[in-house]
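Laboratory data are not the source of any read-out in this text; all were calculated from the coordinates shown. None of the values given here were measured: they were computed from a predicted structure. Glycine gets a Cβ as well: all are built from the backbone with ideal geometry, and neighbour counts include every protein chain shown.
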Amino acid sequence: MKKIVSLALILMMLVGVTVGCSDDASDTGSSGEEKITIGASLLTQSHPFQVAIKDAMEQEAEDQNVDLTVAIADQDLNRQISDIEDFINRGVDVIVLTPVDSDGIQGAIRKANDANIPVVTVDVKANDVEVASHIATDNYAGGMIAAEAMAQLVGEEGNVGLITYPEVQSVRDRIDGFKEVAAKYPNMNIVVELPGRTREEALTASQDMLTSNPDLVGIFGFGDDMAIAATNAVSEKDSDAVVVGFDGLEEARNKVSEDNAFDAVVVQYPEEMGSIGIQTAIKLANGEEVEKEIPITPGLFVEGQEFVDASVEDGNVNVDLGQ
């Protein structure tokens, strides 16, 4: 009888060991290898565009069975630097980053590089520092498309204002692209540029523009929130200015479809950026080569026409508004 009891106990112990090994394996993947770990530090969650990037990253990470930790910097450079240092200390395989400040983030990225952790930037570029890959809308081309749309909407003449965000390189690129095309129209002049990093700040900036320049015929907002704020200011001031925006998420497209000043918006694809960001990080973790620049071509959504043909080839902008 004692032998039977002893044998039963041994069998129970063996079963317990087997179950324990199975549980450990489930944490590391079916092959027994540890999961790829990715740390992502994102600009903000107060803007739907950034929310769309985050959601796409999380969905792709789930689909690919990788371990993703997301930290939100809330437009605070020091917080973002701290998040990156935390990822480095934890020894993640790859860091994915939407910089709060394109210049100020250099030191943190260099620390990651020194720790042999590749960095992928998404949407916003980091200046003067090496990253493994940058995934973003061709913001310069998007700015060119926005300016061409503006020119057609205002009859190629009149004074125009710009809402800016000078700390972020992607916005600088949009503004620079806009200026290049606007300069080709001698009768369309950029007379004012004011920062508008949030919808509230953009509303104040737009109100100030229209007060100091009541003859404005157009306002370019670098993001959906900025363009919507400008649209509200135009309505308050009973102005005839038109608004062209950038991002083109659902709220902005719906606003363009209404009868108001918001007539066109350059459309980005944040879901594509987010998923490609994770796919690129996985390739890097597996030692594969990736493209240094992965540009995503924007589209254009116009009042009364929805999506229209828009492209940039050899510096020439092609936009057909049917004007």
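Rounded to two decimals, what ratio of Rg to Rh does the range 114-158 give with C-alpha atoms and a Kirkwood Rh?
Details: Rg = 16.9 Å, Rh = 13.1 Å.
Ratio value, two decimals: 1.29.
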(request) Kindly express, to the nearest 10 degrees and within the range 0 to 90, the angle between helix 270-285's C-alpha long axis and the longest C-alpha principal axis of the chain. (result) 40 degrees
(request) Treat each spin label as a single point 7 Å out from the Cα along the C-beta direction, and report the A183 to V70 distance in nm. (result) 3.9 nm
(message) Using 0.36 nm times the number of residues separating D238 and F307, minus their current alpha carbon distance, what extension gain do you get?
(response) 22.1 nm
(message) With a 10 Å cut-off between alpha carbons and a GNM built on the chain, which of Q169, Q268, Q305 moves the most?
(response) Q305
(message) Can you compute log10 of I(q)/I(0) for the range 227-280 with the Debye formula, treating each Cα as one identical point scatterer, at q = 0.15, 0.20, 0.26, 0.30 Å⁻¹?
(response) -0.47, -0.67, -0.93, -1.11
(message) Loop only by DSSP, 15 or fewer other Cβ within 10 Å of the Cβ. Give me the GluC sites (Glu not before Pro) in the range 157-205 that pass, ordered by residue number.
(response) E157
(request) Count the DSSP beta bridges whose two residues both fall in the chain, then state the antiparallel fraction as a percent rounded to the nearest 5. (result) 20 percent
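Would you mind checking the pairs K125/K283; K184/K292; K111/K292; K179/K237 and listing those with alpha carbons more than 23 angstrom apart? Provide the component values of the computation, followed by the final result.
Details: K125/K283 20 Å; K184/K292 32 Å; K111/K292 19 Å; K179/K237 26 Å.
In this structure, K184/K292; K179/K237 exceed 23 Å between Cα atoms.
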(request) Once you've got the GNM for the chain with C-alpha springs shorter than 10 Å, pick whichever of D138, D93, D238 has the biggest mean-square fluctuation. (result) D238
(message) If you consider only alpha-carbon coordinates, what radius of gyration and Dmax does the range 115-267 have, in Å?
(response) 15.7, 56
(request) Return the ratio Rg/(2.2 N^0.38 Å) for the chain, where Rg is computed over Cα atoms only. (result) 1.25
(message) Quick check: pseudo-label points 7 Å beyond the Cα along Cα→Cβ at N254 and R90, how many nm apart are they?
(response) 3.5 nm
(request) Find the all-direction average of the projected area of the Cα convex hull for the range 186-313, expressing the result in square nanometres with one decimal place. (result) 10.0 nm²
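Need the full-extension length gain, N113 to N78, defined as separation in residues times 0.36 nm minus the C-alpha distance. One decimal, nm.
Details: separation 35, 0.36 × 35 = 12.60 nm, distance 1.86 nm.
Extra length available between N113 and N78 comes to 10.7 nm.
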